[in-house]
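The structure's right below; bear with me while I get my questions together.
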Amino acid sequence: MLLLALTGGSLGRHYIAMFEATQNVTLKPSESWREALLDTRVMDLFFTVHRKIREDSDMAQDSLQCLAQLASMHGPIFPDESAQVSYLAHLVEGLLSMINGIEIEDSEAVGISNIISNLITMFPRSILTALPSDLFTSFINCLTLLTCSFGRSAALEEVLDKDDMVYMEAYDKLLESWLTLVQDEEHFPRGCFVQPAIQVFNSYIQCHLAAPDGTRNLSVNGISSHEEEEINELQEDDRELFSDQLSSIGMLGRVAAAHCIPLLTSLLEDRVTRLHGQLQRTQQHLMAASDLGTVDRKVLDDLYEDIHWLILVSGYVLADDPQGETPVIPTEVMEFSIKHSTEVDINTTLQILGSPGEKASSIPGCNRTDSVIRLLSAVLRTSEVESRATRASLTELLSPQMGKDIMWFLRRWAKTYLLVDEKLYEQISIPLSTAFGADTEGAQWIVGYLLEKVINNLSVWSSEPELANDTVELLVTLVEKRERANIVVQCESWWNLAKQFASRSPPLHLLSSSVQRTLMKALVLGGFAHMDSDTKQQYWAEVLHPLQQRFLNLINQENFAQISQEESVKQEIVATLEALCGIAEATQIDNVASLFSFLMDFLSSCIGLMEVYSNTPETINLIIEVFVEVAHKQICYLGETKSMKLYEACLTLLQVYSKNNQSRKRSDVTAEEDQYQDLLLIMELLTNLLSKEFIDFSDTDEVFRNQDQGTPASGRTVSAADVVLYGVNIVLPLMSQDLLKFPSLCNQYYKLITFICEIFPEKIPQLPEELFKSLMFSLELGMTSMSSEISQLCLEALSPLAEQCAKNQEKDTPLFIATRHFLKLVFDMLVLQKHNTEMTVAAGEALYTLVCLHQAEYSELVETLLSSQRDAVIYQRLADAFNQLTAGSTPPTMDRKQKVAFLKSLEEFVANHEHDDDDDDDDVVTVETKLQSGPDSLGGSCPVALKRQSADVEGGGQLLSSSPSSSSSSSSAMSDSDDDGVPALSAHTLAALQEFYSETRRTGPDHGAAPSDQFAVGAIEEDWGMSQFWYSDETATQLAEEVVREAGEGGRIACVSAPSVYQKLKQGALDGSHRLSAVVVLEYDRRFAAYGDDFVFYDYNEPLSLAAGAAPRSFDVVLADPPYLSEECLSKVAQTVKYLSKGKVLLCTGAIMEKLAKELLDVTMCSFLPEHNRNLSNEFRCFVNYPSRLLTSARSTV
């Protein structure tokens, strides 16, 4: 706020909104602020202020936030580079002066780290390097000391199990800053980061090792570290929890590779030697005592924890996670190996690599080995100690976590180093290429060793699902590249593994289903290695033929329907389905033809299983998942004929799914997310099918070049859009607002509908009315009531819809009318509301296309906004801003250059002109809020899908229903087709599709004429675009009678977002209503201003910004109907209710909000069930905080 005050307050509420949302937002003022903000006294003032108030934790955070903003300043405010250098130098001097000589408080750690992060991130490297060398050196030294100090404090926070991990957050931020610096190391003086990297790396290792080398398990002020059980629990997620930290530490380790790699090797070899000795001593102890309970595990546990962290750090130093890119050996590691290659004895290095059972230091010449290979050898020695312990029946003494770490490391290493491709490097290390290059004995030996390790793990650790999963993932790595697979399939143990798995032999049949799926994926990938035709045929006969035969023999039994529910039969079905998923996951461009043909033979049978296992959700989900994986992995490679086969199968699946779910309710608000896994999978399937329209390799790659594709269809063909829109018509009636509380369902749903709008905007106007309205409701709900990510998806869907309207040039169509409504929503979002700045581009693109479509309406919105300004200066500033906004696109057209110009102008408009106002809170331009739906509306609580559960909605679900006979005829039609014919849908499916597309839509809701009585319920019409739903007349009457009864003689009643009750009270027909002294309606919809002084404008985002007519504690009864079913909305409305009420509260909202309502307002749910003119699928209830007849009355029902 002080920063805003110094700049005249006119940086805008845009910045205030950002300050409230996050502690770290960048500052980009225009050049008009140059004189004010480049004055060094301003920065000095902020440093001085912080020194004065730093002991007050709250104020200290605010002052550091201001300094973080100043540290992020960029843009046209700087006239040239010298100004930036001068500003940065003064900032760094002030920061060093502030930090030096003080003991940093807990409340300061995050703020200081934000300052450092901002100045490193925002200022160009050329500016950082232009700082005086002694100042830059002092800054780097300070950053080093802070990082080490915060790291130690973060470790202490973990020991003390603190809830507020401020030092961990600050440490993460500083490590990110180091990562930014060292990634651009070439811009800085050579070697300037080596010593700091060593210090930070050493500190990290020390914090994660036990004494005496480290400080991990030392007590602090008498408080020891976690119990071992707790540590083991935390270890499960260390890879994920600390991945960012480890990435930064790994990068710093490479910067100082000459120190860090030998250090890791030495520490790991020492721990492995000690582990081996401890296991031997324990074995001797057990031979004497024979009781594991007498073994002191503390030494072992400390060693396992040390090894855990050493292996994790080693993995991050030696290799990156490629994440879809070609993995390459990090440049620093390669250069380090090359630099020291002249000192290396290759033969000794290979001897140490190939002798994991021997102690490295016992091999002559061990000091003349390549350090990178020596570190790998240390991990292999760890693996060998583990293997020997299992052979000695000491498995119970081993740590599954260590086994997981070894598998993770070897997989990460193998992706990068095994059969290293010399063409990817300008220079190659001779030791590395000799040990791991193609056609080398070292590569063949290590492939064989890793394969034996995998087989041993699957035998020993089959009961440890996570370890088994890491193990089979290593196996996939060994065969996913053809060159490595060629070596693997030459090993006899590989063939034995394939036979054992195919025959469901123990212990492989004990592996978890997900592990069996990945194992099948690996076996299929291995089958495409180089083999002669006879060998390959033999391999597939060993791997796939038994799967197919067992499945067909089972389902073709005459009594299959009777035996299908037997546990052994279900296990066989599940194992087959998991295997099919694994086969689909193994799809690559050069094997898709073979795998597609194999899988298609199963799909029709899988659809039949939908009927058999309709009451077994787990099996149903797995069947759908087979289709999901086939579509995901193969659709992009399929030509027209093959795609048609897959579409046909998917449509038949959807038909059966629809029939089985016709009477299914989705209203259990206490259900867990996994109960809706089938819906999630169906939406994922539809999304995968959509991908065909924008990722299609079928023509260019000719993946089916050896198979006849048939003649292209000349008649009716089906596109992915047909299938997807058909499927959406099934999904929507099953969705409700309650389901969107589950993040995965919500994300997948909005991803799907956004893709539909983006890829097939021309299909949207053709939708049946209810489906069209549901999509529009969904988009508005996502924009106004969901997370910023969902809101952005919805905004991205609007542009193609508006462009489609412009292309058709048809006005007064439902889509045209809907886009006009969205124009106001987006306009308000950008101009009047707080919003995440990351959405500005998406919102801007949507606004521009909508403005092109509705230019007159846009002008009217601007005029309305301007007319609300009573200050002439403010009026002119806003008018100039809007003129400048569209100056480059007048008149606006669907032209890319104009759009780019508009977006550029919009960025400046939002930053510099948003919320220009005087201090009058009544000015509309000061409103910063989500658009609030109309009165009594559930707004966001309306089902995302079809808002009513009436007969016509349920009939929509019937579109895909089929009798058993029609389903079987469809399946028959599919299975009888082949690639030689013209691709076509079966008659049944085609008829269903035609019925779906032949539905006609009405042009919109028929509001009819408004009642003549201005206080009649419905006198102001529901606006579906604002998600408004009025109470039924009976419900409005009962609620009105209740509040009249409770208010008493001369009582005052406030109706918050409940105009139906207000209207009923004002009709004068209720007993006692004439004795009331006041009734007011608090509403966002300004149409209700027609009720004069009774109307109080109300925006729940500003819960206490109320006009004089709504004084605090002035109402005997407050009746409230929050517009959205969200914690945020109810919490803010509750503030308003408490502010207005003398005591009595009547709340109407969804049953799902019961617990929160109790916490906020101490209300109890009533038996009375309110109803709306439109029946809503969400359970709606009343709550009161006083003795009431509604508690036992149930006269109205939904």
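Note down, for the range 784-845, the three equivalent ellipsoid semi-axes (square root of 5 times each alpha carbon gyration tensor eigenvalue), biggest first, whole angstrom.
Semi-axes (√(5λ), whole Å): 23, 12, 10.
Continuing with this model, one more query. Around Phe1015, which amide H atoms from residues at least 5 apart in sequence, or from another chain, sit under 5 Å from its own amide H, with H modelled in the peptide plane?
For Phe1015, no residues qualify.
Turning to a different aspect of this structure: Can you give the net charge of the other residues whose Cβ lies under 11 Å from the Cβ of Phe760, counting K and R as +1 and D and E as -1?
-3
List, in the order given, every pair from Lys811/Lys1064; Lys633/Lys751; Lys751/Lys807; Lys173/Lys404 whose Cα-Cα distance in the structure shown is over 30 Å.
Lys811/Lys1064
If you project the alpha carbons of the range 1024-1184 onto their three principal axes, what span does each projection cover, largest first, in Å?
If we take the Cα atoms of the range 1024-1184, the spans are 36, 33, 32 Å.
How big is the C-alpha Rg of the range 64-135 next to the rule-of-thumb value 2.2 N^0.38 Å, as a ratio? All intermediate terms of the calculation are to be shown ahead of the outcome.
Numbers: Rg = 12.5 Å, N = 72, 2.2 N^0.38 = 11.2 Å.
Expressed relative to 2.2 N^0.38 Å, the Cα Rg reads 1.12.
How many angstrom lie between the C-alpha centres of the range 25-63 and the range 595-639?
61
To continue, here is another question. Excluding Leu577 itself, what net charge comes from residues whose Cβ is under 11 Å from its Cβ, given Lys and Arg +1 and Asp and Glu -1?
Numbers: positive: Arg517, Lys570; negative: Glu572, Glu578, Glu618, Glu625, Glu629.
Around Leu577, the charge tally is -3.
Continuing with this model, one more query. To the nearest 10 square angstrom, what accessible area does His632 show with a 1.4 Å probe?
Accessible surface of His632 is approximately 100 Å².
May I ask you to order 76-88, 776-788 by the average number of other C-beta atoms within 10 Å around their residues, highest value first?
Ranked by mean Cβ neighbours within 10 Å, highest first: 776-788, 76-88.
Which whole-Hz couplings ³J(HN,Hα) result when phi for each residue of the range 117-128 is put into the Karplus expression 6.51 cos²θ - 1.76 cosθ + 1.60, θ = phi - 60°, listed in order with x for Gly and Pro?
4, 5, 5, 6, 6, 8, 8, x, 4, 5, 6, 4
Next question, about the same structure. Taking a cut-off of 21 Å, what percent of all Cα-Cα pairs in the range 389-494 are separated by more than that?
It works out to 39 percent of all Cα pairs.
For the range 162-217, what log10 I(q)/I(0) values come out of the Debye formula at q = 0.31 1/Å, with one point per alpha carbon and no solvent?
-1.15
Ignoring ligands, DNA and RNA, what percent of the 1.4 Å accessible area of the range 765-913 is carbon and sulfur?
On the range 765-913, the fraction of accessible area on carbon and sulfur atoms equals 50 percent.
Next up: Place +1 on the Cβ of every Lys and Arg and -1 on the Cβ of every Asp and Glu in the range 22-183, take the dipole about the Cα centre, and give the residue among Val42, Leu119, Pro76 whose Cα lies farthest towards its positive end.
Among Val42, Leu119, Pro76, the one farthest towards the positive end of the dipole of the range 22-183 is Pro76.
Another question, if that's okay. Going by average Cβ neighbours within 10 Å, how do the peptides 458-467, 275-284 rank, with the highest at the top?
Those peptides, ordered most packed to least, come out 458-467, 275-284.
Separate question: Could you compute Rg(Cα) / (2.2 N^0.38 Å) for the range 765-913, with N its residue count?
Working: Rg = 15.3 Å, N = 149, 2.2 N^0.38 = 14.7 Å.
Against the compact-globule rule of thumb, the ratio is 1.04.
Taking the radius of gyration and the Kirkwood hydrodynamic radius from Cα positions alone, what is the Rg/Rh ratio for the range 56-186, to two decimal places?
Values: Rg = 15.0 Å, Rh = 15.3 Å.
Ratio of gyration radius to Kirkwood radius for the range 56-186: 0.98.
Only sites in a loop by DSSP and with at most 12 other Cβ atoms within 10 Å count here; which trypsin sites (Lys or Arg not before Pro) in the range 791-883 make the cut?
Those satisfying the criteria are Lys811, Arg870.
While we're on this one: Two-decimal Rg/Rh of the range 118-212 from alpha-carbon positions, Kirkwood Rh?
Across the range 118-212, the Cα-based Rg/Rh ratio is 1.02.
Quick one: which residues, 5+ away or cross-chain, put their amide H under 5 Å from the amide H of Val1163? H built at 1.01 Å from N.
Hits under the 5 Å cutoff: Lys1158.
Let me ask something else about it. Students often forget the sequence filter, so: which lysines lie under 16 Å Cα-Cα from Lys773 once same-chain residues fewer than 8 apart are removed?
Cross-link targets: Lys763, Lys947.
Are there trypsin sites (Lys or Arg not before Pro) in the range 1084-1151 that DSSP puts in a loop and that have at most 16 other Cβ atoms within 10 Å, and which ones? Present the calculation step by step, with values, prior to reporting the outcome.
Numbers: sites: Arg1086, Arg1087, Arg1113, Lys1132, Lys1138, Lys1142, Lys1144; in loops: Arg1113.
Hits after loop and neighbour filter: Arg1113.
Additional query: Given the protein chains as shown and a 1.4 Å probe, how many square angstrom of Glu810 are accessible, to the nearest 10?
Only protein atoms counted, so the area is about 100 Å².
Using a 1.4 angstrom probe and counting only protein chains, how large is the accessible area of Lys453 in Å², to 10?
Solvent-accessible area, nearest 10 Å²: 10 Å².
Sticking with this structure for a sec: Would you please calculate the Kirkwood hydrodynamic radius of the range 318-416 over all C-alpha pairs and express it in Å, rounded to one decimal?
In the range 318-416 this quantity evaluates to 15.0 Å.
Rounded, prolate or oblate for the range 265-382? Axes are the square roots of the Cα gyration tensor eigenvalues, ordered a ≥ b ≥ c, and the cut-off for rounded is a/c under 1.5.
Oblate, because a/c is 1.5 or more while a/b does not exceed b/c.
What is the Cα radius of gyration of the range 559-641 over 2.2 N^0.38 Å, N being its residue count?
1.16
The values are calculated or read from the model by the stated rules, or taken from the named source; none is laboratory data. Quantities reported herein were computed from a predicted structural model and do not represent experimental measurements. Quick reminder, even Gly has a Cβ in these numbers, built from the backbone with ideal geometry, and neighbours come from all protein chains shown. All accessible areas refer to the heavy atoms of the entire protein, side chains included, with ligands and DNA or RNA removed. Shrake-Rupley method; radii C 1.70, N 1.55, O 1.52, S 1.80 Å.
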